[in-house]
Amino acid sequence: MDVDYRGVGLKVGLEIHQRLDTHKLFCGCPSLMRDDEPHEWIRRRLGVSYSELGAVDPAARFESLRRREFLYGIYHDTTCEVEADEAPPHPMNEEALEISLVIALMLGMRPVDEVHVMRKIVVDGSNTTGFQRTALVALGGEGSGVETRWGRVRMATLCLEEESAYIVESSPERAKYRLDRLGIPLVELATEPDIWDPEQAKEAALKLGRILRATGRVQRGLGTIRQDINVSIDGGARQEIKGVQDLYLIPEIIRREVLRQLSLLEIRDELRRRGVKEEDLDAPVLDLTPVLSSSSSKLVSRALSKGERVFGLRARGFSGIMGRELQPGRRFGTELADYAKVFGGVKGILHGDELPGYGIGREEVDEIRRKLSCEEEDSFVLVIGKEEAARLALDSVRERMKQALRGVPSETRRALPDGNTAFMRPMPGSARMYPETDVMPVKVGPILERMGELPKMPEEQIRELVDRYDLTEDLAWELFDEGKVPIFERLSGYGVSTRFLASMLVSTVRSLRREGEPVENLREEHFEEVVRLLGKGLLAKEAVPDVLRSLSKGEYTSAEEYVRTHRMTQEELDRVIDEVLGELAGKVRERGERAYGMVMGEVMRKVRGKIDGSLVSKKVKEKLKEFLEAG
């Protein structure tokens, strides 16, 4: 479906969250992610309170209604009482504030005079305190931000905040988090909603990410940077889409969100044409277990055997609406199922547009419709589960159907791997922020005075790489984007071609990753050893992918061990060449010196990766000449 994005009034704003390379924001613990089992687990429950203005944030109210239990994993050597909320926060990490100011100035933003920490209510368990500490550091303006092919994307704000805890597992009853991530300094860049094309959003995110990396003071690796996307169209509503890890998925997420909102507006108009009103959806939830007690549906019979029951809700005027596609592979019924899963903790729903089905027959469907007093244009929703969960789920479905009459509800949604999105929770309101009384304000002037020159912008760093190391611009950008410039510069003095070195650090590693190899296990010392062996002529270039693959799998403890196992001596090479010349003797005599390519190709097929290709070429030429002279 072709969409005129200008015509539909598309507005997109980005929020980029980047971890900084310094210790935690409100204590001295290292910003170190762990993958081992925590030393201890502590148990908590969180509640919600009124703001200073007497209001309750809707997202916080939503989480409190779930009444979940939270378990927090602590490490005795890298977390402390601050993360566990057993001690007040320390003064703000001024190095993190300085890095934030550097980023702000590189983006043309105006720093505030004094940084005040605020509390942002978060009751999903990701913070032990029930709030996230955040501070406004700088404001945007007309000259701030980045240029794209579609126009300038201005900055709105730059905030410094603490990273949330790392979620281990989650269910409707409880969630487990590790506290190693909690408190890592995080800079949040928010743009104005200047983006009006999906591809523009990707370009803006790429350029902002490059400026962050140009500082040399941000963390690198999976999960250290993530994008949230705010999307709206005319007549629709702002959606906050969270957790976008893949930069190149951004345009598809936006395209599919536009389709979703356009489809929801069509559904609204259709329901209004049918004369459906919100009070029409206030039918009671009914227990329909007797109707399906003898059903041949395995889905139903398995549930009933576990003591679960079937509950139903009439959907006045929704016939044909439930099956309406909103995004590829996702229908309006899927939206209802998301609400049922989140609020009721059930596995999903069944609705009238997909039944008969799942083993439920036509007669059973007719009886369900009769029990629910459905008319021709009506549909229905079924939930199978324990009574309390099922009723909660159907109440949330009822509310979502009422919202469909109004149009597009404003929601916080999570990005799915295919570019679709799913409901997470209601959009936060204005009542979620209030002052932090445990952290003193910090004056910005003295920090700005002691700061040195700003880092060079990414484009200038790329020009220097290209000129100094004879790289192509594409290779230089790959090194920059992968964070490999420091190791590249350190290893460039070992006598290895700089282009080969750059390609090994980015292209070879990327290819191995695509093959499913655990390249995250490769350390800088592995690359240094490989380059040293290449420089000494002890390792063939052709062998580099196999060496890195073996090292990543732990099959060898070092590149030297690999070389000792695989390296071919010159005597062994001579024997291989003699064998090939013997096998191809007739063709070699027929072609003479023109047989070099044929012989070389066959020899390399047998020795590739075991000895340097230039040496093989030299020996093949010598042996071929001797063979021909011998007649």
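Which residues' amide hydrogens lie under 5 Å from the amide hydrogen of residue 318, considering only partners 5 or more residues apart or on another chain, with H built in the peptide plane?
Counting only residues 5 or more places away or on other chains, the set is 379.
Just to confirm the filter: which GluC sites (Glu not before Pro) across segment 195-249 are DSSP coil and have at most 10 other Cβ within 10 angstrom of their Cβ?
Those that pass, being in a loop and sparsely packed, number zero.
Based on alpha-carbon centroids, what's the gap between segment 129-180 and segment 7-31 in Å, whole number please?
4 Å
Counting only other residues whose beta carbon sits under 11 Å from that of residue 358, what net charge do I get with K and R as +1, D and E as -1?
-1
Rounded to the nearest 500 deg cm²/dmol, what is the calculated helix-only ellipticity per residue at 222 nm for the chain, with -39500 (n - 2.57) per DSSP H run of length n ≥ 4?
About -11500 deg cm²/dmol.
Tilt of helix 613-629 relative to the longest C-alpha principal axis of the chain, in degrees (0 to 90, nearest 10)?
Taking Cα atoms only, the helix is inclined about 40 degrees.
List, in order, the whole-Hz ³J(HN,Hα) value for each residue of segment 499-515 obtained from phi through the Karplus relation with A = 6.51, B = -1.76, C = 1.60 and θ = phi - 60°; use x for Gly and Pro.
5, 5, 4, 4, 4, 4, 5, 10, 5, 5, 5, 5, 5, 5, 4, 4, 6
What trypsin sites (Lys or Arg not before Pro) does segment 524-629 have in DSSP loop regions with at most 11 other beta carbons within 10 Å?
In loop regions of segment 524-629 (DSSP not H, G, I, E or B), the sparsely surrounded trypsin sites (Lys or Arg not before Pro) are 536.
Helix 387-406: angle to the longest alpha-carbon principal axis of the chain, degrees 0 to 90, nearest 10?
90 degrees
Quick one: putting +1 on the C-beta of Lys and Arg, -1 on the C-beta of Asp and Glu, what dipole do you get for segment 245-358 around its Cα centre, in Debye to the nearest 20?
260 debye
Tell me the trypsin sites (Lys or Arg not before Pro) within segment 141-211 that lie in a loop according to DSSP and have at most 10 other beta-carbon atoms within 10 Å.
Filter output for segment 141-211: 149.
For segment 471-535 and segment 417-464, what is the separation of their C-alpha centers, rounded to whole Å?
31 Å
When ranked by the protection proxy of mean other Cβ atoms within 10 Å per residue, highest first, what sequence do the peptides 161-172, 226-237, 438-449 form?
226-237, 161-172, 438-449
Among the lysines, which fall within straight-line cross-link reach of residue 456, defined as a Cα-Cα distance under 29 Å, with same-chain neighbours fewer than 8 residues apart omitted?
Output for residue 456: 24, 202, 207, 443, 484.
Hey, which lysines would be in cross-link range of residue 277, C-alpha to C-alpha under 18 Å, not counting anything within fewer than 8 residues on its own chain?
Once the sequence-local lysines are set aside, what remains near residue 277 is 402.
Every number in this text was worked out from the coordinates using simple rules, so none of it is lab data. What you see is a predicted model; the values in this text were computed from it and never measured. No Cβ is skipped: glycine too gets one built from the backbone with ideal geometry, and neighbour counts run over all protein chains shown.
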